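A quick write-up on the structure given underneath.
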Amino acid sequence: MPARTPSLPAATGGALLPEGSEIVIIGGGVIGCAIAWQLTQRGKTDVTVIERRRLTEGTTWHAAGLVGQLRSTASLTGLMRASVQTYAALERLTGYATGWRPVGSVRVAASDGRWAELQRHAGVARSVGLEAHLISAGQARELFPLLSTDGVRGAVWVPSDGHADPSQLTHSFAAGARAGGARFAENCLVQAIEQDGRRVSALVTNHGRIHCDIAVNATGMWARQTGRLAGAGLAVGAVEHQYVVTEQIAGLPPTLPTCGIRTRGSISSLRPARCCSAAGKMAPGCPGPSRPHSSAPLYSRRTTSGSNNSARQPCAGSRRSRRAASAPGSTGRYRSRRTPSR
Ligand SMILES: Cc1cc2nc3c(=O)[nH]c(=O)nc-3n(C[C@H](O)[C@H](O)[C@H](O)COP(=O)(O)OP(=O)(O)OC[C@H]3O[C@@H](n4cnc5c(N)ncnc54)[C@H](O)[C@@H]3O)c2cc1C
């Protein structure tokens, strides 16, 4: 492996782009930084993360930070359990806050199909030892008082779910990885991937070339474009995702759980944050840039298709959020996040 040289001063925020690194991770979002941390935990120290902007400035900073462990298969549920265990321990291990709050989650079913699905997921959870309780609409409302129980078939309560601060979490992973020997090059765009036969041999960036044995594509929704640099076709798509940040809603306990509601063609997620609430909508994406902002959402509601109708949502909080966003003079903000284009 070629010697490392300090070749990137100011442009990468002072980070050094070595001439070579055993493993190079492309993308400094939560996934890239988590991979770097996991690798250093396993004794791999020759690791470099390359981020074209600053850490978290892809999609990670947008996230509401909800962490739910219910999944359709035991392996995915096990993966989510491992994530929760990591979040719970990370601050102690790295010394950097993650904003992790294990407040629990209520997943609400507003259709027979979703109720059957949730019951299945709860069964899968219990089969791998994850505590998950099937509860009535009334019990769900006791846990999440903003919920309207109209049309609710039932819910699942997972006490160990919660929410984290996506930006803090990413920086905590990065700090732990750095302490373990990983390097970070920010403001550094990977423009080409060189190959030796079927193996990646080097990455070409706007700040020079870096040899590597292994390149990890952690570029999230840009993974398809990154894959193309190596001639690989990846089926990665992006969806539009909107949310509303509301004014503060008085009287909510700090331990309010997160709440997820899925109806036909829509997914709504709600969470408390520092001072306000949000609602969102997700639909097949279209290009458009977005920038980081400073306020975190309290509630977010998102919809996977364009057929969203908030009046059908059994969540008083999201309706209130939308009103707050549209009321004249309101400080509620309605934001649309779309697929950034290259
Ligand atoms: C509004 C919103 C709310 C969300 N809420 C939640 C939630 O509550 N819970 C949840 O689990 N998930 C949520 N998500 C999803 C979550 O944000 C993403 O799944 C996660 O952040 C993806 O992380 P990532 O590291 O894969 O991608 P990213 O954070 O996008 O990181 C990829 C990085 O790669 C970089 N990059 C791309 N191409 C190159 C290149 N050629 N060279 C160098 N760098 C490159 C980009 O700049 C970017 O920083 C939400 C998303 C949105 C938009």
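For the peptides 85-93, 222-230, the ranking by mean Cβ contacts within 10 Å, running from highest to lowest, is 222-230, 85-93.
Could you work out the percent of alpha carbon pairs in the stretch 166-265 separated by over 20 Å, rounded to a whole number? That tail contains 62 percent of the Cα-Cα pairs. Going by the alpha-carbon gyration tensor, a ≥ b ≥ c the square roots of its eigenvalues, is the stretch 76-201 rounded (a/c under 1.5) or, if a/c is not under 1.5, prolate (a/b greater than b/c) versus oblate? Prolate, since a/c reaches 1.5 and a/b exceeds b/c. For the pair S148 and S111, label points projected 7 Å from Cα toward Cβ lie 1.9 nm apart. A Förster radius of 51 Å combined with the Cβ-Cβ distance from R199 to Q119 puts the calculated FRET efficiency at roughly 0.65. For I25, the amide hydrogen comes within under 5 Å of the amide hydrogens of T48, V49, I50, V216, counting only partners 5 or more places away or on other chains and with H modelled in the peptide plane. Peptides 136-147, 106-117 ranked from most to least packed by the mean count of surrounding Cβ atoms within 10 Å: 106-117, 136-147. Sequence-ordered 3J(HN,Hα) estimates for the stretch 56-73 from the Karplus curve with 6.51, -1.76 and 1.60 and θ = phi - 60° stand at 6, 7, x, 8, 4, 5, 6, 4, 6, x, 6, 10, x, 9, 5, 9, 7, 10 Hz, glycine and proline given as x.
Look at S127, S269, S167, S148 and count the other Cβ atoms within 10 Å of each Cβ; fewest to most, that gives S127, S148, S167, S269.
With a Förster radius of 41 Å applied to the beta-carbon distance between T45 and H133, the computed FRET efficiency rounds to 0.40. Each residue of the stretch 221-230 was assigned a 3J(HN,Hα) from its phi angle through the Karplus expression (A = 6.51, B = -1.76, C = 1.60, θ = phi - 60°), giving 6, 9, 4, 5, 5, 5, x, 4, 4, 10 Hz with x at Gly and Pro.
Any read-out appearing in this document is the output of simple, stated calculations on the displayed coordinates, not a laboratory observation. Keep in mind it's a predicted model, so treat the numbers as computed, not measured. Glycine also receives a Cβ, built like all others from the backbone with ideal geometry; neighbour counts cover every protein chain displayed.
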